[in-house]
Amino acid sequence: MISVTEALDLLFALAKPLPVEHVPLGNAVGRVLAQPVTTSLTQPPFAASAMDGYAVIGDQASPGAQFKVIGEAAAGRGFDGDISTGEAVRIFTGAPVPASATRIIIQEDVSRVGDTITLSDNLDQGPHIRPAGGDFEAGQRFEAPRLLTPTDIALLAAMNIATLPVTRRPKVAIMSTGDELVMPGETPGPDQIIASNAFGLMAMLDLLGAEARLLPIARDSRESLEMAFSLADDADLVLTIGGASVGDHDLVGEVAADLGMERSFYKIAMRPGKPLMAGRLQSGAMMIGLPGNPVSAMVCGEIFVTPVIRSMLGLGADPAARRVATLSDPVGANGPREHYMRALVENRQIRALGSQDSALLSILSQANALLIRPPFAPAIEAGEDVEYIAI
Ligand code: AMP
Ligand code: MG
């Protein structure tokens, strides 16, 4: 059995970076910018007013000073000309500031009679002018790789970059295996259960920006498994669920090997998740064989599948981020496998949840953290710091 870290390294070695495609700005949120982009615009393109008021020469702006209003500048319609001593231009937010103006007097500080304004006694500091290029300058780069957020999209739009180079979404085919499984919405027979893991994993993949689809449920027979694998040829990653232990009906490893899968590893020193398997299929796709137990499948999704998808997207080959919290209840000694305990973290305090059986989705759903217990870690008391992964 290899360690979780060794398994992750082998997975990163199997995960190929994906090609670049171009998408319109409007479809780019949640995608990974693959290459830096450069703007040819300067923002603001001109010195712009930050307030509604009057543009004047700053030196002359003293309490009680008077100016003659010689024109108006609005957003999208600048004043054609300049001001000189004793002159002001009525100006609105976003309008270009006349060349000689160095200060905007806000309209609240002005009284106007006809074309003459008089400044009040209490002037604010100003100058309420946004310099040209104050936000960004032509030639400025927006760096990659980067998972694009809504605010990034706003900035890239302002930079007038209408089409973005992004990493293609990883195509993931998910195969449930087992004679006992039916789809949600069906009525399970007396010996049947719902294929839940596949949906949990598909949801996880959706949020990561992958393109996941479900293969038909494979039954515990060679023919059915071969049929399901044959439908996954276009995938970058094939996830199988279950059928990977050593029972009589656990045929996934055997069938995959017969179909030409080059195995990278099988079995890891982890709880839950021991029967994890990985390799490369003849189609070139990477395969990860996940354990069938619902909690094991989802935890392996967090610990292995998520970092693999991020690496395929070009976001780096990094394990799930670890954080630290203080134990509020003691935990017992650990055995030889790294244990990812379902736990609840609140206000930097963490406690392992009651039952750690890897079949209990209700407990996993209450958890917001996986408390990490290294192999052979001794029992620890409340008050000690432990590492966890947020889920
Ligand atoms: P296996 O590894 O096939 O022996 O599966 C281990 C356990 O996980 C069994 O109790 C299976 O019924 C259950 N299981 C396998 N696949 C799924 C699935 N897709 N959804 C929910 N439970 C599953
Ligand atoms: Mg099974």
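The values are calculated or read from the model by the stated rules, or taken from the named source; none is laboratory data. All values reported here derive from a predicted model rather than from experimental measurement. Neighbour counts are summed over all protein chains in view; Cβ atoms, including those assigned to glycine, are modelled from backbone coordinates with ideal geometry. Heavy atoms of the whole protein, side chains included, go into the accessibility calculation; ligands, DNA and RNA do not. Shrake-Rupley method; radii C 1.70, N 1.55, O 1.52, S 1.80 Å.
Among the residues making up segment 242-256, a single one is touching a helix residue (DSSP H, G or I) at 6+ places or on another chain (Cβ under 8 Å), within 11 Å of PRO275 (Cβ to Cβ) and either more than 10 Å from ligand 1 (Cβ to nearest atom) or β-branched (Val, Ile, Thr) (or both): VAL252.
Quickly run through segment 138-186 and pick out the residues that are among the polar types (S, T, N, Q) and within 16 Å of ligand 1 (Cβ to nearest atom). Steps first, please.
So in segment 138-186, the residues among the polar types (S, T, N, Q) come out as 140, 149, 151, 160, 163, 167, 176-177.
Once the filter is applied, which keeps residues that are among the polar types (S, T, N, Q) and within 16 Å of ligand 1 (Cβ to nearest atom), segment 138-186 yields SER176, THR177.
The single residue among ARG112, ARG130, ARG141, ARG168 that is among the basic types (Lys, Arg), over 35 Å from the mean Cα position of the chain (by Cα) and open to solvent by 40 Å² or more (accessible area, probe 1.4 Å) turns out to be ARG112. Taking segment 257-294 only, how many residues are more than 29 Å from VAL32 (Cα to Cα) and within 12 Å of ligand 1 (Cβ to nearest atom)? The total comes to 8. The single condition among (1) over 21 Å from ASP206 (Cβ atoms); (2) small (Gly, Ala, Ser); (3) within 12 Å of ligand 2 (Cβ to nearest atom) that ALA297 does not satisfy is (1). When residues in segment 227-245 are screened for being farther than 16 Å from LEU14 by Cα, open to solvent by 10 Å² or more (accessible area, probe 1.4 Å) and away from ligand 2 (no atom under 13 Å from the Cβ), 6 of them pass. Per the conditions (1) closer than 30 Å to GLU338 by Cβ; (2) touching a strand residue (DSSP E or B) at 6+ places or on another chain (Cβ under 9 Å), the sole criterion not satisfied by GLY81 is (1).
Listed by position, the strands (runs of 3 or more DSSP E) enclosed by segment 347-390 that each have at least 2 residues that are open to solvent by 50 Å² or more (accessible area, probe 1.4 Å) are 349-352, 385-390.
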